[in-house]
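Below is one structure; the comments refer to it alone.
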Amino acid sequence: MGTSISTIRPKRRRLSFLLTEGRTLRQQEAVLGWLLLTPVLLIIAVLLIWPFSSAIWISFTDKAVGRDGNWVGVSNYSHLISSPRFRLALQNSLTFTVVGVFFKYLLGMLMALALNQAFRGRNLMRAFFLIPWILPGFVAYMTWRWLYDPLQGMLNHALIDLGIVDYPFAFLSSSDNALWWVTLAHVWRSFPFFGLAFLAGMQNIPQDQYEAAAMDGASVWQRFRDITLPGLRHVSLVVILLGTIWTFNAFEPVYLLTQGGPSDATLVYTMLAFDLGLVRFNLGQASAVSVLMLPLLGLFIVILTTLMNRGDEE
Amino acid sequence: MTDDRVRALLQEASRLRYSRRQLLRRASALGIASAAICAAPALNVSARRGSVQSDTLTFWLYRSRLDEFDETRRERIKAWGESSGVEVNIVDIATSDYGTKIPAAIESNTLPDVLELTEEWFQLLLSRGLLADLTDVYNTVDAELGWTPIVKQLSVEADGTIPRVAIATTSTYLVARDDILSEAGFGPPSTYAEMFDFGAQAQDPPNTFGMGTALSNTSDANNWIMSAQAYGVRFADDTGEAAVLGDHKDEAIDWLNLMVDAYEEKRVFPPGVLTWDQTGDNDAFQSERTIFTFNPLSVPAWLKENKPDLLEKTGIHLLPAGPVTSVQPVGTVALAVRKDSPLVAEASDLIHFLFDLDYRREFFQYAQWGPATVPENDFPIFEEFMPVRVEVADAGTPRDFPEVTNSAFNEVKTTFVVPRMIQRVVSDGMSREDSFNEAVQAVQDIYESHAGA
């Protein structure tokens, strides 16, 4: 027994030394804090920092699929910046994001306003409106692909049967329009998230503000403008921030609907990265595309968080 | 409850109570242990840096659209596993998914031990030195059955190695609605110009369209390469090392005129063809919306099982000719083995097991492909159904001819240089010359990047 006690004690002393000996209470708390953070930091390092820094490293090499990369400095970046395809992808990504987020905001707000009213079957309607967002992306976009199909699609059948057109309309095959139809499908799939967030935000706006405004003779529009919108300011900034990041990084809608075509009409930056990496096998350039987009997204996040903080201070 | 019982419970509770610090210590120790457990597999994976090593033989199988065919192949592979005592993991992969699966598997060192593959993926793996030499099993099958001349020609690489074993020959044919053509007073077209003319006159849009082959960024659209070749367009010189597309401007512009006229004036392509995916051609023909399509016979094989009445109205013809030449390429569907697989010997044995003549008879009962060995030419199925497969396997031109098959020409195909040339004109409104010049630059860049690789 005596032997077993003496073998256990030194271990206990080492652990206590780590946390207590020669340290002030504040230092002890700090050590303990770092110990508690260690698991999360390790997980972040393995799952985030390591792949992320690998991607940055690869972007400075000529790495191709199945081949080692050699250091090429900034040539991937200079090549991309001078490439018309990259500029087109950036332009399409920005258009897709700005238009997409705008309509998601608009439709989400309308959805929230409608579902915030008291009417019979409201809970059912709330569930119904969430369906696009709940559906797996693959199912949602393949359904849209089928809807748009000129030969088998329901939209064209309807247009022809109603006598609106006599020749199938190629929704996704026109360079002028394809990006808009892809954006429409994406907006349909994503706006319920905006609506849900707004609806949740509306529950926190005190009802007596509306009642007081109504007694003062404020119109519906004035109540919306002066009570609802300011009350949703924080929620709006959060959903715009998240919506922008998600839309800018969206890959599924373009890949499943057009694969970036016709020609490069719907090429967004994620599709360009895919094309360079997995079609042309040039992983160095594909990584550079992604890395180049980081400052843009970072800038946007900084602007929005600044706006949020300013709102808090006010 | 008695006082004693309450006292006992309080004592027990006090014994179990931890101070805040004790609780935090235990929590942190538990957290570190959890993190170590989570990180261990990741660290283990990165430490290995080699391919996945396992006693299980993984087999990637093309998922065709023919259920019975897929089932027959799976059963045969399983039968080998049972007889040899090797555990086999069969992974069905849709042809359109190979494009993402193979590059990802190369990078993550998770290529299967055996995989079924066509030319483009074979070239990718071969150029990276990832395939085992299968000369022994190739020679064994040759001694037992004898390869057909075209398979012999296609199997041996320039350096004399044999890194794949053909399980069948494959070609692209002109599949046509002969019933609609004959009603309009036409037979099978002998030239591409005739094909578009017949299609334009026989079609009845929006119900039927003349030509149902994709013009999008999908591998089916690369069938248009053969029409460009028939117009005399060349992409590289006879050594396959230097790009020469720029020297064939007149031929390329003639060919572009033909294609743009068919799209814009004759309107034989269904709307949507610029963004069709891999299933577009088959779906359109099988749903009776197109008159012509280029196809490796997956359409007739599907019709045989699912729409025999439509099969009777469908003709299978050789590819039309152009003003310069005609090409009828023959390639192979082959099996390859990962070079660093610990099961190369077992994989070779499995491949040999697949060349049992009774099984091959059953295999071709469902397959869309043509024979690979001499005795298969006499299988009754090749007399009953799509006999053109034997003729083409016997007399077709080697794949890619007159180009040299190599990784550079493979990249011309995987980057869709030819369909893009058409898209740039009919979709982006670019002039034919500018579109051609852009293609010349793309081909030039590709061949330069492969020089000396």
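The values are calculated or read from the model by the stated rules, or taken from the named source; none is laboratory data. This one's a predicted model, so the numbers in the text were calculated from it and none came from an experiment. Heads up, the Cβs are rebuilt from the backbone with ideal geometry, glycines too, and the neighbour counts pull from every protein chain shown. What goes into the accessible areas is simple: the full protein's heavy atoms, side chains included, and nothing from ligands, DNA or RNA. Shrake-Rupley method; radii C 1.70, N 1.55, O 1.52, S 1.80 Å.
Brief remarks on what is shown
For (1) within 14 Å of chain A (Cβ to nearest Cβ); (2) of a type outside the set (A, V, I, L, M), each residue gets a yes or a no:
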residue: B:THR56; (1), (2): no, yes
residue: B:THR72; (1), (2): no, yes
residue: B:TRP80; (1), (2): no, yes
residue: B:ASN89; (1), (2): no, yes
residue: B:SER108; (1), (2): yes, yes
residue: B:LEU124; (1), (2): yes, no
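- Test for B:THR135: is it of a type in the set (S, T, N, Q) and free of Cβ contacts under 8 Å to residues at least 40 places away in the same chain: yes
- The stretch A:123-154, subset closer than 25 Å to B:ASP204 by Cβ and either in a loop (DSSP other than H, G, I, E, B) or open to solvent by 60 Å² or more (accessible area, probe 1.4 Å) (or both), residue farthest from the other protein chains (Cβ to nearest Cβ): A:MET154
- Within the stretch B:181-217, being surrounded by 21 or more Cβ atoms within 10 Å (Cβ to Cβ) and assigned to a helix (DSSP H, G or I) holds for B:LEU181, B:TYR192, B:MET195, B:PHE196, B:PHE198, B:GLY199, B:ALA202.
- Residue within the stretch B:137-152 that is within 14 Å of another protein chain (Cβ to nearest Cβ) and either within 26 Å of B:PHE379 (Cβ to Cβ) or part of a strand (DSSP E or B) (or both) present: no
- Top-ranked residue in the stretch B:244-294 [being more than 25 Å from the chain's Cα centre (by Cα) and of a type in the set (Phe, Trp, Tyr); ranked as farthest from B:THR218 (Cα to Cα)]: B:TRP255
- Unique match (being open to solvent by 50 Å² or more (accessible area, probe 1.4 Å), more than 9 Å from chain B (Cβ to nearest Cβ) and modelled with pLDDT under 90) among A:ARG26, A:ARG67, A:ARG87: A:ARG26
- Any chance B:ARG389 is touching a helix residue (DSSP H, G or I) at 6+ places or on another chain (Cβ under 7 Å), farther than 21 Å from B:THR275 by Cα, charged (D, E, K, R) and open to solvent by 20 Å² or more (accessible area, probe 1.4 Å): no
- Qualifying positions in the stretch A:29-64 - of a type in the set (Val, Ile, Thr), surrounded by fewer than 16 Cβ atoms within 10 Å (Cβ to Cβ) and away from chain B (no Cβ under 13 Å): A:ILE56
- Residues within the stretch A:246-280 that are assigned to a helix (DSSP H, G or I) and not β-branched (Val, Ile, Thr), tallied: 16
- Some residue of the stretch A:182-202 being under 30 Å from A:THR95 (Cβ atoms), open to solvent by less than 70 Å² (accessible area, probe 1.4 Å), within 14 Å of chain B (Cβ to nearest Cβ) and in a helix (DSSP H, G or I): yes
- Residue tally, condition surrounded by fewer than 21 Cβ atoms within 10 Å (Cβ to Cβ) and β-branched (Val, Ile, Thr), over the stretch A:241-278: 2
- Only residues that are in contact (Cβ under 8 Å) with a residue 24 or more places away in the chain, outside any helix (DSSP H, G or I) and more than 12 Å from every other protein chain (Cβ to nearest Cβ) were counted across the stretch B:410-453, and they come to 1.
- Number of positions in the stretch B:78-93 that are in a loop (DSSP other than H, G, I, E, B) and open to solvent by 50 Å² or more (accessible area, probe 1.4 Å): 2
- Residue match in the stretch B:398-415 (condition: farther than 27 Å from A:SER263 by Cβ and open to solvent by 50 Å² or more (accessible area, probe 1.4 Å)): yes
- Any hit, the stretch B:293-310, residues being buried (at least 18 other Cβ atoms within 10 Å of the Cβ), within 14 Å of chain A (Cβ to nearest Cβ), in contact (Cβ under 8 Å) with a residue 60 or more places away in the chain and more than 21 Å from B:THR414 (Cα to Cα): no
- Residues of the stretch B:413-440 that are out of contact with any Ser or Thr (no Cβ under 9 Å at 6 or more places or on another chain) and more than 28 Å from B:GLU265 (Cβ to Cβ): B:THR415 alone.
- In the stretch A:159-168, residue farthest from the other protein chains (Cβ to nearest Cβ) [restricted to those that are surrounded by 12 or more Cβ atoms within 10 Å (Cβ to Cβ) and outside any loop (DSSP other than H, G, I, E, B)]: A:LEU159
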